[in-house]
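Following: one structure in C-alpha cells, then a few remarks.
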Amino acid sequence: MTFTCSERVAAFVTGFDLQAAPAELTDLAQTALIDTIGVMLAGSAEPASGIVCDMIASEAAAPAAGIVGRGLRTSPQSAALANGTATQALDFDLSFMSGQSAAAVVPAILPLAESLNATAEELIAAWVVGCEVSARIVRSFPSMSSGGSWHAAGVAGVFASAAACARLMQVPEPQIPAIMGIAASMPAGLGENYGTMTKPLHPGRAARDGMEAAFLGARGFTASASAIEGRQGFLALYARSFDWDPSPFDDLGEVYNLTAPGYRIKPFACGGLLHTSIEAALQLRDKALPRLDRIEAIRVTATTHAANRVIDRYPWSDDSSRFSLKYLVPYALIHGAPTLATFTEKALDDPRVRALSEKISTGVDREFPDTTAEGGSPGRVRIAFDDGSSLERAVLDASGSPAAPMTETVFRAKFDDCCAQSVDAGKADALYSYLRSPGEMRKLGDLWPLLSPE
C-alpha cells in the first residue's frame, strides 16, 4: 500500500513513543528548550518584538497563554507569532537542517502547552515530532535555501509547527493528513528579507500558521492528503526547477535527524553562515592584531550559499549588521568574539572597524563551494600584508556543532547574557535550574511564571 507524505507524518505524530526512542532525544530537547527560551527572552526586548506585541495587544484576544519575556497574555496563536518573532529577532537561535528550519517549534508549543495544561513529556515529544518533520521537508528539497532562496524557518517551519501542535493536541491520526495539507498552503519566507525585521517574522508566522492548521484540521477542515508531494503540491511548486524527492518521509520514526546530523548552538548572535569565517578571523587575531596598520587586503571566502546570503557592504542598521562579513570579520580582528553589544549603533560607528572593512573582499571558496542540507558552511580568511607576507585560516565546523560542541560553561554564559535583556539574575538562575532538572520539568505549571518579567 502506498502512503502519502502527510499520511506518514500522521502515523509518526500519533505513534511516536518518547520512552522507546533514543534516550539522547530528551537531553537534546532540554538543551534546545534552554537555548531557545534564552534567545527568546533576549529577542523579546527587540524593536521587532515590540511592534508585533503592540499589534497583538490591540486585538485584545482572550488571555489564554503568556508571551515569553512579556507581561502580555493573549491567544495561543498570537503568542506563537510573538514568540517566533522574538526567537529570531537576534538571529541567535539554534541551527538545524538548512539553517533554522525548526525555529517555529518551541514558540508554538510553549503557549499551546500552557493553554492545554500539558505535561513536560508531552512538550518534549511534540518538540521531537516537529523537528523530525521539518528535517524531512528539508531533505526532500535540499536546495530550499541554497538554490531556492527560501528561508527554511518560514517554509519548513510551518510543517514543523503543525506536526508539533497536532501531537500536543492529541489529534487522531485520520485528521492529521488534512492538517499537513492545510500547512502546505501556508509556507513563506524570502531570503531577500535577511537583515530586516521581516526575517524573524518568518518563524513567527510559521509558528502561528502551523498552530492554525492544527486547530482547523482537528475540527474537520479539509485539505489534500497529497499536498506535500502531489502534482500541484508544495514540493512541485516551491522546488520548481530543482531536484526534489519525498522519500525521506519513509524513515520517519526509524531515523532521527536530531541525533545525526544534529543541531548547532550558536555562539554569536548573527547569521549562522558567517560563523566559520568569524572564527577563522578570531584564530588569526593574535598574529594579526599587532600588524593591523600593515594589512593590505583581507579576502573572505565561503560557500556559494553563504556568499549569496551575506550583505556585501558595511551595515546600516542593527539588523543588517548580523549578515555583514565586511563588518563582523574586521570587528573580530579588532575586538574579539562578537557579543550582543556588537550589534548596536555604537559598535557600528567604530572608525577602526569601518576603515578595516574597506580592505575586505568576499567570494566563493574553490575548495568548498557547496553547502549541505545539514547546514555545513565552511569559511576561510586570508590576510595579506604590505610586505608580501600573509596569514590564512579555514574553519570547516562552526563552534556549537556536534563536531565542535559548546561547553556547559559557555552555554550557561550565553543563556545568562540573553536572559539579562529581559529578566533579573535570580529568575534566570531559577529558570536554568528548572529546565536542567528532569524531575522539576514534570511540573510545567511552575514554568510559566519564570518566562515573564513580572
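All of the numbers you see were taken from the coordinates with simple rules; none came from a lab. Please read these numbers as outputs of a predicted model, since none were measured by experiment. Positions of Cβ are generated from backbone atoms using ideal geometry, with glycine treated the same way; all protein chains shown enter the neighbour counts.
Overview of results
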| quantity | calculated |
| --- | --- |
| Cα-centre dipole for the chain with unit charges at Cβ (Lys and Arg positive, Asp and Glu negative), debye to 20 | 660 |
| Whole-Hz couplings from phi, Karplus 6.51/-1.76/1.60, listed for segment 66-75; x for Gly and Pro | x, 9, 4, x, 10, x, 7, 10, 7, 6 |
| 3J(HN,Hα) from dihedral phi, segment 202-213, Karplus parametrisation 6.51/-1.76/1.60, rounded to Hz, x for glycine, proline | 4, x, x, 5, 5, 5, 5, 5, x, 5, 4, 4 |
| Calculated SAXS-style log₁₀ I(q)/I(0) at q = 0.07, 0.08 Å⁻¹ - the chain, Debye, Cα scatterers | -0.33, -0.43 |
| Proximal charge balance of LEU18 [Cβ under 10 Å; K/R count +1, D/E count -1] | -3 |
| Per residue, the convex hull volume that the Cα atoms of segment 5-251 enclose (Å³) | 109 |
| The chain: relative contact order as a whole-number percent, Cα under 8 Å and 6+ apart | 20 |
| Debye, to nearest 20: dipole size of segment 5-251, +1 on Lys, Arg Cβ, -1 on Asp, Glu Cβ | 560 |
| Debye, to nearest 20: dipole size of segment 272-395, +1 on Lys, Arg Cβ, -1 on Asp, Glu Cβ | 140 |
| Residue-averaged 222 nm ellipticity for the chain, from DSSP H runs of 4+ at -39500 (n - 2.57), nearest 500 | -14500 deg cm²/dmol |
| Rounded to 5, the percent of DSSP beta bridges in the chain classed as antiparallel | 70 |
| Whole-angstrom gap from segment 71-95 to segment 382-430, using each part's C-alpha centre | 23 |
| Whole-number percent relative contact order across segment 348-448, with pairs defined as alpha carbons under 8 Å at least 6 apart | 11 |
| Charge context of GLU46, other residues only, Cβ under 15 angstrom, K/R +1, D/E -1 | -4 |
| Segment 174-185 - phi-based ³J(HN,Hα) in whole Hz, Karplus 6.51/-1.76/1.60, Gly and Pro as x | x, 8, 6, x, 5, 4, 5, x, 5, 4, 5, 8 |
| Distant-in-sequence amide H partners of MET144 (H built 1.01 Å from N, under 5 Å) | none |
| Rel. contact order, % - alpha carbon contacts under 8 angstrom, at least six apart, segment 107-257 | 31 |
| Cα lying deepest toward the dipole's positive end in the chain, options SER140, ILE51, GLY217, charges on Cβ | ILE51 |
| Radius, Kirkwood style, for segment 272-395 when every pair of distinct Cα atoms is counted (Å) | 14.3 |
